[in-house]
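The values are calculated or read from the model by the stated rules, or taken from the named source; none is laboratory data. In this text the structure is predicted, and so the values were computed from the model without any measurement. Cβ placement follows ideal geometry from the backbone for every residue including glycine, while neighbour counts extend to all protein chains displayed.
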Amino acid sequence: MYATHYARPNTLDEAIALLKDHPEARPLSGGMTLIPTLKQRLAAPSHLVDLSRLDELRGIAAGNGTIRIGAATRHAEVARSPQVARAVPALSCLAGQIADPQVRNRGTLGGSLANNDPAADYPSAVLGLAATVLTTRRAIAADDYFLGMFETALEPGELIVAVEFPIVRQAGYLKYRHPASGYAVAGVFIALADNGVRVAITGAGPCVFRWEEAEDRLSGDFSVGALDGLRLDPAELLGDPHAPPRYRANLVEVQTRRLVAQMTSAPVELRNKPDHSKDE
C-alpha cells in the first residue's frame with residue numbers, strides 16, 4: 001500500500017468537509033473492494049475517510065410504502081432484519097446470498113452501490129425495485145444511477161446516505177453463484193408492482209441492466225409460458241474463462257424462467273437447451 005492519511009469523522013458534515021478539502025481522498029465504508037485495491041497498489045488516495053461509524057448513514061426504517069436502508073448498513077444486518085423480511089423478503093434473501101459471511105459482516109449497501117461492480121447483487125435489487133438513491137446532494141432514481149462498469153451518477157465528494165426501496169406486491173431474486181467469490185455469474189431480480197413488472201439482470205453485462213423484452217412479456221402475462229421463445233442477445237454481454245457471453249445469455253434465460261416459476265409456484269420446463277460446446 002502507498003502511504004495515506006486515515007481520518008474517522010464524527011459527523012457526516014465533517015466527512016463531507018474532509019472530502020472537499022482533499023480532492024484525492026477516498027471514502028471508506030466496509031472496505032471490501034477498496035482495501036484489496038490499495039493492497040495491490042492500484043489506488044493511492046491521499047486520505048481514507050472512514051464512514052463506518054456515522055449514525056446518519058445507518059439504520060433501517062419502514063414507512064409510507066417504502067423501506068429506507070442507511071448506506072453504512074451491513075449486508076448481514078439487512079439479511080436478518082425483521083423489517084426488511086416483512087416489507088421486501090426478496091431483499092433480505094439477496095443480502096443473505098452476498099459473497100461469504102466475512103463480506104456480509106463488513107460490506108455495506110452504500111459501498112456496494114458506489115462501487116457498482118458488474119457482478120454485485122445489490123444493484124439488481126435497486127434497479128429491479130425502482131429504488132431511489134439518496135445522497136448528500138440529491139435523490140437519484142435507479143434508472144439514472146447506474147451508468148456503466150464501475151461507473152455511477154455520483155459526483156466527486158458526493159456520498160450515498162440511504163436507499164429507499166418501494167414495497168411492491170411481490171419480488172424475487174435468483175443467481176448462479178461463482179463458486180470461489182460468491183459473486184453473480186448471472187443474477188435475476190424480478191419485481192411485480194401495481195404499474196407492471198421490472199426485470200433487472202446483474203453479472204451478465206458490463207453493468208446491471210433491465211431486460212425490457214422480458215418485462216413486456218411478463219407485464220401482460222406473469223407466467224413461465226409468457227417467456228417462451230424469448231432470447232437474450234449475447235452480443236453485449238460479458239465473457240470470461242468461466243462463462244462466455246452465450247453461456248451467460250442462457251443462464252439469464254434459465255434463471256428468469258426458474259424465478260418466475262418460483263414466484264408463481266409453477267413447474268418450469270427448460271426448452272431448446274443450447275449447445276455451448278463451440279463457445280470460446
Condition check: surrounded by fewer than 19 Cβ atoms within 10 Å (Cβ to Cβ), at pLDDT 95 or above and over 21 Å from Cys207 (Cα atoms). Does Pro89 satisfy that? yes
Which of (1) in a helix (DSSP H, G or I); (2) out of contact with any helix residue (DSSP H, G or I) (no Cβ under 9 Å at 6 or more places or on another chain); (3) of a type outside the set (D, E, K, R); (4) within 23 Å of Leu259 (Cβ to Cβ) is the odd one out, the single condition Gln102 does not satisfy? (4)
Please pick out the residue among Ala85, Ala90, Ala114, Ala120 that is part of a helix (DSSP H, G or I) and under 21 Å from Val161 (Cα atoms). Ala114
Pair list, Cβ < 8 Å and 6+ apart or interchain, from the stretch 9-33 residues that are at positive phi to residues that are buried (at least 18 other Cβ atoms within 10 Å of the Cβ): Gly31/Arg106; Gly31/Gly111
Considering only residues of the stretch 44-55 that are in contact (Cβ under 8 Å) with a residue 40 or more places away in the chain and loosely packed, with under 15 Cβ neighbours inside 10 Å, which is nearest to the chain's Cα centre (by Cα)? Arg53
Only residues in the stretch 72-100 that are under 22 Å from Val185 (Cα atoms) count as the first member; pair them with residues that are crowded, with 18+ Cβ neighbours inside 10 Å and basic (Lys, Arg), Cβ under 7 angstrom, at least 6 apart or cross-chain, and list the lot. His75/Arg104; Ala76/Arg104; Ala79/Arg104; Gln97/Lys175; Ile98/Arg104
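Among the residues of the stretch 134-183, write down those that are assigned to a strand (DSSP E or B), under 16 Å from Arg198 (Cβ atoms) and among the aromatic types (Phe, Trp, Tyr). Walk me through it before giving the result.
Narrowing the stretch 134-183 to residues assigned to a strand (DSSP E or B): 134-135, 139-141, 146-148, 151-152, 160-166, 170-177.
Subset that is under 16 Å from Arg198 (Cβ atoms): 141, 146, 163-166, 170-174.
Listed by number, the residues that qualify are Phe146, Phe165, Tyr173.
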Among (1) touching a strand residue (DSSP E or B) at 6+ places or on another chain (Cβ under 8 Å); (2) at positive phi, the one test that Ala62 misses: (2)
Scan the stretch 172-182 residue by residue and report those that are modelled with pLDDT under 90 and closer than 11 Å to Ile98 by Cβ. Ser181, Gly182
Confirm whether Val103 is free of Cβ contacts under 8 Å to residues at least 40 places away in the same chain, of a type in the set (Val, Ile, Thr) and either within 26 Å of Asp240 (Cβ to Cβ) or not assigned by TED's automatic domain parsing to the domain that holds Ala243 (or both). no
Select, from Arg198, Arg248, Arg271, Arg231, the only residue that is part of a loop (DSSP other than H, G, I, E, B) and either buried (at least 16 other Cβ atoms within 10 Å of the Cβ) or at pLDDT 95 or above (or both). Arg231
Looking only at the stretch 166-182, which residues are within 15 Å of Val252 (Cβ to Cβ) and among the hydroxyl-bearing types (Ser, Thr, Tyr)? Tyr173, Tyr176
Does any residue of the stretch 181-199 turn out to be within 19 Å of Gln262 (Cα to Cα) and of a type in the set (D, E, K, R)? yes
Could you figure out which of (1) touching a residue at least 60 places away in the same chain (Cβ under 8 Å); (2) in contact with a Ser or Thr (Cβ under 8 Å, 6 or more places away or on another chain); (3) among the basic types (Lys, Arg) isn't true of Arg58? (1)
